[in-house]
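K.L.:
I have a structure I would like to understand better, so I am pasting it below and will then ask my questions one at a time.
The numbers here are math on the coordinates, done by the rules we state, and not lab data. Worth saying up front: this structure is predicted, and the values here are computed from it rather than measured. FYI the Cβ positions are ideal-geometry reconstructions off the backbone, even for glycines, and counts take in every protein chain you see.
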Amino acid sequence: MGQDADLSKVNCVWIPANDAKQRIQSSVIIPFAEYRRNREFKIEVNGEDKTLVLGRALDMHAEWVRATIASIQ
């Protein structure tokens, strides 16, 4: 996949799924320049290192993109 990046160095907003049934999929809002489908970001979740992979763009604007989370491993 693409180059890894450290998500802690990118301003972003995490939008978790809305309930256990996950009718609303988890997504992230990141700067437009940082978005590339399948791009990998290193993140820390509860003290554990993980890799987040960006999915498809849900919304695109001049300065930001809201994208699905393809996977967190």
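K.L.:
Per residue of segment 47-53, what does 6.51 cos²θ - 1.76 cosθ + 1.60 with θ = phi - 60° give for ³J(HN,Hα)? Whole Hz please, x for Gly and Pro, Karplus curve as stated.
P.N.:
Computed from phi, the couplings for segment 47-53 are x, 10, 6, 9, 10, 9, 10 Hz.
K.L.:
Explain nothing, just compute: Karplus ³J(HN,Hα) = 6.51 cos²θ - 1.76 cosθ + 1.60, θ = phi - 60°, for every residue of segment 32-42 in order, whole Hz, x for Gly and Pro.
P.N.:
Result, rounded to whole Hz: 3, 5, 8, 7, 7, 3, 6, 5, 9, 10, 7.
K.L.:
Exactly which GluC sites (Glu not before Pro) in segment 36-66 are in a DSSP loop and have at most 11 other Cβ atoms within 10 Å? Intermediate values should be presented prior to the final figure.
P.N.:
Values: sites: Glu40, Glu44, Glu48, Glu63; in loops: Glu63.
Those satisfying the criteria are Glu63.
K.L.:
Counting other C-beta atoms within 10 Å, and keeping those with at most 11, which DSSP coil chymotrypsin sites (Phe, Trp or Tyr not before Pro) do you find in segment 12-73?
P.N.:
Answer by residue number: there is no such site.
K.L.:
Given H placed 1.01 Å from N in the peptide plane, which residues other than close sequence neighbours of Leu58 have an amide H under 5 Å from its amide H?
P.N.:
Arg66, Ala67, Thr68
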